[in-house]
Amino acid sequence: ANNAPVINPPFAGGSFETTVIAGNVVNFSLNAVDMDLLQNGTPQSLTLIASGPMFGNGFNTNTGCDIEPCAQLNSTLPIVSPQNVTANFIWQTDCNHLVNQYGIVADVVPYNFVFRVQDDFCQVPKVSYATVTIKVVNPGVIPPTSITCIQTAPNGDLTINWNSSINPTNSFVSYRLRSLQGLDITIPDISTTSYTIPAVNAVHDFYIGVQSGCNGNIIKYSDTLKNIHLVLTNPGNGTAVLQWNTPINPQGPNMNNFVHIYREYPTNTFELIDSVPYATLQFKDTIDICSDLIGYHLVLPNYPCSYNSNYAYDTFEDMITPDIPIILGAGADTSQNGNVLITWNQNGQEDTYGYVIYTFDGNGFLFELDTVWGWQNTSYTYPDNLANGPLSYSVAAFDSCFTSSFPVTYQTSAKANINKTMILVGEIQMCEKTATFSWTPYVGRAVSDYRIWKKQNGNWEIILSTNETTAIVNVDNGESYCFYVEAVFNDGNSAFSSPSCFVVPSPGQPSFHYFELVTIHDEDVILTDYIDASVGIQAIQFERRRAFDGAFEIIATVPVTSNFTSFIDETANVNEYSLEYRTTFIDSCGGLAPNYANINRTIYLSGNSDEYNLVNSLIWNRYEGFNAGVSHYLIYRTLNGSFNAGPIAQISNLDNNQALYSYTDEIDNLISNVESNVISDYSNGAVCYRIVAVEKTGNIFGLQDSSQSNDLCLNYKSFVFIPNAFTPGGLNPIFIPVITNVSETNYSFEILNRWGDIFFSTHDILQGWDGKIDSNGKDAANDIYRYRIEFEDQNGNFHTKTGMVSLLR
């Protein structure tokens with residue numbers, strides 16, 4: 001097989017490319033190798049030829065190429081040699097070789113040289129190609145500098161400033177400052193960084209070049225920048241119109257985002273009046289100087305120096321009245337009670353001298369209320385009673401320039417929209433603990449909502465927001481409030497209504513409340529409360545509990561119709577324990593008073609009986625509740641169920657700390673003359689007692705009461721004593737059984753003779769037999785008679801007693 005020749009790279013690193021500075025010599029050897037043999041075994045021959053526009057005539061002279069001096073080989077072509085062929089290349093470069101195919105001097109220009117090597121293998125020889133590239137570099141090319149700023153002097157001269165170039169290889173030749181309008185200045189001093197040209201009064205496009213390189217054959221130019229040229233126009237309508245250009249688009253990296261606009265007035269006094277974005281190219285200034293020469297000047301901050309425009313002047317006249325004010329709010333000054341506060345916007349015309357406040361007179365005509373001097377003074381406060389409103393106001397603005405009218409006046413704007421204050425009216429609902437408010441709507445501005453403010457104890461609080469003109473809020477009895485309505489406008493400003501201040505009344509409190517008495521009647525407890533009913537007390541609430549045991553429970557709520565209110569507790573267990581009662585009241589609003597009157601405690605009477613000795617022992621608790629305290633206790637006793645008789649005892653000299661009292665009652669004297677068969681009293685088997693507590697004098701309410709206990713009955717077993725003889729007309733004239741502790745009903749007493757005839761009969765327990773026969777009234781004879789007694793004891797049991805009795809005359 002036949003292989004193509006191998007062309008070896010001539011440059012370091014196995015490269016076919018190299019770089020050379022213009023003016024230096026390029027010298028290398030190109031070698032090709034092919035060790036293959038021909039068919040007859042002899043070495044192949046290699047033929048080398050070359051091509052390229054920069055080779056000289058015959059490839060061995062330095063003339064005859066496109067740009068001389070030309071590249072040369074060490075021999076004429078072709079070069080033939082067995083298995084190994086070599087061509088020696090030499091080229092003297094110079095500055096002329098830095099002109100590219102476009103005829104422009106370049107930093108680097110590449111040149112290509114093509115080498116072809118072919119073997120002589122029959123019948124299809126092999127060919128190899130190699131392209132050698134030589135880059136000719138322009139030595140000492142200095143990069144372009146940049147214009148840093150262009151500044152205009154008051155006389156119109158322009159100064160162009162740029163950055164200084166660096167010249168490490170001393171290749172700098174000059175700066176070339178040019179403009180599209182024909183300026184072309186050569187500046188050979190590398191340290192020069194600015195140049196001033198006479199006033200051009202127009203926009204010019206500047207750029208600067210740096211000449212350097214091989215024999216100064218190259219100029220590197222900067223970006224093109226313009227001077228800022230300000231054009232001032234006076235349209236004669238009280239404004240100044242400013243128009244200008246930007247230095248470059250898009251905005252440079254070191255340029256500020258805003259162009260600063262300065263106004264010169266008076267002469268040589270400059271004031272920054274506004275800043276506009278970089279891309280903005282015009283501005284309208286409203287003249288606030290009555291008439292004078294005014295100048296303008298623009299500055300674009302930039303690093304390391306700023307651009308500034310020319311200075312433009314004209315005579316301007318203020319022909320614009322101040323803007324019509326916008327009233328921000330009219331209402332109560334919450335920081336000063338009783339004052340009206342009016343606020344408005346700061347006028348857009350800075351030459352505003354002040355503001356005129358207007359209100360309506362009694363005939364409905366606007367008149368000047370007052371004048372506020374100063375452009376930035378945008379509020380007015382004066383004392384007035386907002387409750388007399390609604391009050392209406394307007395505001396006008398005036399500047400420092402006089403009108404041409406007579407008499408001379410200031411230029412004054414039209415009046416602002418009439419704004420009308422709000423009047424707040426409140427009504428208290430004491431019992432509901434609410435206040436109902438209504439207010440006149442705010443007129444003159446669009447209201448987003450109304451806020452209700454509460455001021456209490458110096459603290460402000462928003463309690464609700466509404467779109468209506470009425471509201472109901474909660475209040476507390478006895479508290480002092482001031483309420484305001486704040487109208488909140490769509491722009492966030494607001495105004496306050498007249499205040500509504502009041503102290504919320506409380507339900508009338510009684511001048512006195514005294515739980516007068518609890519007393520037991522039968523098995524009920526009668527309760528009496530004493531209260532000042534003149535303040536509208538609705539009811540008394542009675543509560544009860546077992547003494548010292550647990551919580552009170554409500555047992556009744558009784559309407560109040562007078563100072564005294566009573567209730568009968570029919571569910572009390574008066575025979576089991578002492579009870580405590582207390583009262584409170586429901587006020588005129590239906591509210592339950594938190595405090596209670598005094599506690600009253602019932603008297604619980606208990607005891608026991610000694611049937612053998614006929615002695616009863618009593619014990620009871622002290623009564624509690626009298627305002628003046630207990631004077632003494634009365635002890636009542638009954639054998640027949642009636643306590644009408646007077647007390648049997650009185651307990652005085654009481655110890656207020658004594659919780660229990662006692663008494664012993666001997667009842668053996670209730671039955672006397674048994675021997676004579678005479679009964680002095682009668683009992684059905686029960687002895688009953690009652691304790692009455694009597695109040696001392698000195699009750700602060702002018703009352704004096706007594707309270708009685710439960711009734712205590714001590715029962716005895718039935719006792720029957722029947723004599724065995726009697727003597728009519730003698731010492732024992734009546735034959736009568738002595739019986740105790742029996743019922744008066746179901747009683748029967750009969751006398752029978754021995755044959756069973758009934759001589760005497762009665763159902764009266766107090767009636768005995770006098771010895772006469774009932775049927776004829778005659779005296780019965782001396783004899784022995786039979787008696788029969790039937791009765792019912794205290795427990796409901798029936799008994800029959802029979803026996804014999806002797807009648808002796």
Query raised in the report: Could you give P(r) for the chain, binned at 10 Å from zero, as whole percent values over all Cα-Cα pairs?
Result: 2, 8, 8, 7, 7, 7, 6, 6, 6, 6, 6, 6, 5, 4, 4, 4, 3, 2, 2, 1, 0, 0
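For the stretch 147-226, what is the convex hull volume of its Cα atoms per residue in Å³? Could you put the intermediate results ahead of the total?
On the way: hull volume 6.8 nm³, N = 80.
It is 85 Å³ per residue.
Step through the table entries LYS717/LYS778; LYS717/LYS772; LYS420/LYS454; LYS433/LYS455, compare each Cα-Cα distance with 26 Å, and write down the pairs that go over it. Working shown, then result.
On the way: LYS717/LYS778 38 Å; LYS717/LYS772 32 Å; LYS420/LYS454 22 Å; LYS433/LYS455 17 Å.
Flagged as over cut-off: LYS717/LYS778; LYS717/LYS772.
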Query - Those Cys residues of the chain for which no other cysteine Cβ falls under 4.7 Å - result: CYS122
Query - Alpha-carbon centroid distance for the pair the stretch 505-545 / the stretch 715-788, whole angstrom - result: 59 Å
Query raised in the report: What whole number of Å gives the distance from the Cα centroid of the stretch 113-152 to the Cα centroid of the stretch 321-372?
Result: 84 Å
Report summary line: Given backbone amide H placed at 1.01 Å from N, residues whose amide H is under 5 Å from that of LEU464, ignoring those fewer than 5 places away on the same chain, are ILE452
Query raised in the report: What ³J(HN,Hα) values, in whole Hz, does the Karplus curve 6.51 cos²θ - 1.76 cosθ + 1.60 give for the stretch 456-464 when θ = phi - 60°, with x put for Gly and Pro?
Result: 9, 6, x, 9, 9, 8, 7, 10, 6
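Using just the Cα positions, wrap the stretch 6-137 in a convex hull and report its mean projected area in square nanometres, one decimal place. Working shown, then result.
Numbers: hull surface 33.4 nm².
For the Cα atoms of the stretch 6-137, the hull's average projected area reads 8.3 nm².
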**Report entry** Amide H contacts under 5 Å for ALA50, placed H, 5+ residues apart
**Finding:** ARG116
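Each value in this text was obtained by applying a stated rule to the coordinates, not by laboratory testing. Keep in mind that what you see is a predicted model, and the values were worked out from it rather than measured. When we count neighbours, we look across all protein chains shown, and the Cβ atoms used for this are built from the backbone with ideal geometry, even at glycine.
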